[in-house]
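All remarks here apply to the structure that follows.
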Amino acid sequence: MAVERVQEGEAPSAVIASYGFCRTTIYKWLRQVKRGGRGDPLRSRKGTGRPRKLTAKQERQVFRWINGKDPRQHGFDFGLWTRQIVAQLIAERFGIELSLASVGKLLASLNLTPQKPLTRAYERDPAAIEAWQRTTYPRLAARAKRVGAEIYFWDGSGFRADAVHGKTWGVRGRTPVVEVPGTRQSISAASAVNAKGAFWFATYQGGMSAELFVAMLRHIMRHRRKPLYLVLDSLPAHKAKLVRDYVETTNGKLELHFLPGYAPELNPDELVWNDVKRTGTAKRPLASGEVLQDRIEADLLAVQNDRALVRSFFNAPCVSYITD
């Protein structure tokens, strides 16, 4: 627009002053237009900046090193990625030195962000997990349907009055304080859940034993008309001889089926505990004089009365293998 105004007869100094630019700028623009060239000589162009040290192929290789892997697979002792480790790996493999700031920009451009990782046991057996999802459970579900049995998933958990789950807001650099009871209270709970929204629970003190487990099985089997297939983890108390002996006395009305080891995500009852801990005492710590067991039982009773909530736990991707 400035050049067009000059070409129409206005003084260059007056034109450039009206735009707030340096006086000499208009003469550079006029010289560019006079020289001409391909395209529009005044078209703005993106600054090139410093040339990239890594090629696009090398950047894709960095992504493959990091995505789904940890530094120990590349010979490092530390199990979490840091910018320093990434810089060291690039230097070792490509012979290229990058600053930590450059590594941070590179990771961001690759859509890699710092995150708190999930933990999984070394002892996990991926083949057993896949077999459970694709073969074992579908066969169990088909057999249950043929004989009219119900499938429940069983799990246990523990609660503490002084445990705080989740996050809250506060001023940067000043950690918020949440008041909790000074007196330690703890309680254990077990529950069983099925895909149609049924939910059973019990609370108890201490750890699970074979005797206690059998007592709970007797309670859950009381007045039961349909056979029960109970899916659970391989806790020693669940596999004790006392338990096996009791199961035999039910004459096939109760069967125990064990999940693959170290795969808690296959059990939808885990999601029940996550929900209770996130929305229960984590949101409202115990008041003075309040008993933890009473609170937990009230929270679990609320879950039991909300069949839609119970069914929603089976919508999670990790338990999508379960069907009615």
*asked:* I want the local charge near Lys28. Using Cβ-Cβ distances under 14 Å, sum +1 for each Lys or Arg and -1 for each Asp or Glu among the other residues.
replied: +4
*Which angle from 0 to 90°, rounded to the nearest 10, does the C-alpha axis of helix 269-279 make with the longest principal axis of the chain?*
60 degrees
*Could you please state, rounded to a whole Å, how far the C-alpha centre of region 125-200 is from the C-alpha centre of region 52-101?*
37 Å
*Output the pairs from Lys69/Lys145; Lys116/Lys239; Lys28/Lys53; Lys105/Lys167 with a Cα-Cα distance over 30 Å in this structure; if there are none, say none.*
Lys69/Lys145; Lys116/Lys239; Lys28/Lys53
*Once every DSSP H run of n ≥ 4 in the chain is given -39500 (n - 2.57) and the sum is divided by its residues, what mean residue ellipticity at 222 nm do you get, rounded to the nearest 500 deg cm²/dmol?*
-11500 deg cm²/dmol
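For Glu59 and Glu265 in one chain, what is 0.36 nm times their gap in residues minus the Cα-Cα distance, to one decimal in nm? Could the numbers behind the result be given before it?
Values: separation 206, 0.36 × 206 = 74.16 nm, distance 3.33 nm.
Taking 0.36 nm per residue and subtracting the Cα distance, the gain is 70.8 nm.
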*Angle between the chain longest axis and helix 25-35 axis [Cα atoms, degrees, rounded to 10]*: 80 degrees
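Using the crude model of +1 on Lys and Arg Cβ and -1 on Asp and Glu Cβ, and no other charge, please compute the dipole size for the chain relative to its Cα centre, in debye to 20.
Details: 51 positive and 31 negative charges, 357 e Å.
Around 1720 debye, computed over the chain.
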*Say each of Arg143 and Lys116 gets a label point 7 Å from the Cα, pointing the same way as Cα to Cβ; how far apart are those two points in nm?*
4.1 nm
*Determine ³J(HN,Hα), in whole Hz, for all residues of region 257-262 in sequence, where each value follows from phi through the Karplus function 6.51 cos²θ - 1.76 cosθ + 1.60 and θ = phi - 60°; x replaces Gly and Pro.*
10, 9, 5, x, x, 6
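Leaving ligands and nucleic acids out of the surface, order Arg143, Arg174, Arg278 by accessible area at 1.4 Å, largest first. Mind dumping the intermediate values first?
On the way: Arg143 75, Arg174 170, Arg278 125 Å².
Reading off the accessible areas and sorting them downward yields Arg174, Arg278, Arg143.
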*Per 20 Å bin, what is the whole-percent P(r) computed from every C-alpha pair distance within the chain?*
21, 35, 24, 13, 7, 0
*Describe numerically, in nm with one decimal, the distance between label points set 7 Å from Cα along Cα→Cβ at Thr249 and at Val33.*
10.2 nm
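If you take every residue apart from Gln133 with its C-beta less than 12 Å away from the C-beta of Gln133, what net charge results, scoring Lys and Arg +1 and Asp and Glu -1?
Values: positive: Arg134, Arg139; negative: Glu130, Glu265.
Counting the neighbours of Gln133, the net charge comes to 0.
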_Defining a contact as two alpha carbons under 8 Å apart and six or more residues distant in sequence, what relative contact order in percent does the chain show?_
17 percent
*Would you grab the residues whose amide H sits under 5 Å from the one on Ser209? Only those 5+ places off in sequence or on another chain, please, with H modelled 1.01 Å from N.*
none
*So how do Phe153, Phe201, Phe21 rank on accessible area, 1.4 Å probe, biggest first, that is with the largest at the start?*
Phe21, Phe201, Phe153
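Looking at the chain, which longest stretch skips every one of the GluC sites (Glu not before Pro) that is in a DSSP loop with at most 12 other Cβ atoms within 10 Å, leaving the sites themselves out? Could the numbers behind the result be given before it?
Details: sites that count: Glu8, Glu97, Glu123, Glu179.
That would be 180-324.
Based on the alpha-carbon gyration tensor of region 212-269, what equivalent-ellipsoid semi-axes (square roots of 5 times the eigenvalues) come out, in whole Å, largest first? Before the final figure, lay out the partial values.
Working: eigenvalues 80, 37, 20 Å².
After scaling each eigenvalue by five and taking roots: 20, 14, 10 Å.
May I ask you to compute the full-extension gain from Ala237 to Gln84, defined as 0.36 nm times their residue separation minus their alpha-carbon distance, rounded to one decimal in nm? Walk me through the numbers on the way to the answer.
Details: separation 153, 0.36 × 153 = 55.08 nm, distance 4.60 nm.
50.5 nm is the gain from fully extending Ala237 to Gln84.
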*Roughly how many nanometres apart are two label points built 7 Å out from the Cα toward the Cβ at Thr24 and Arg172?*
4.0 nm
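The values are calculated or read from the model by the stated rules, or taken from the named source; none is laboratory data. Predicted, not measured: the structure shown is a model, and the values here were computed from it. FYI the Cβ positions are ideal-geometry reconstructions off the backbone, even for glycines, and counts take in every protein chain you see. Keep in mind that these areas ignore ligands, DNA and RNA; they rest on the heavy atoms of the full protein, side chains included. Shrake-Rupley method; radii C 1.70, N 1.55, O 1.52, S 1.80 Å.
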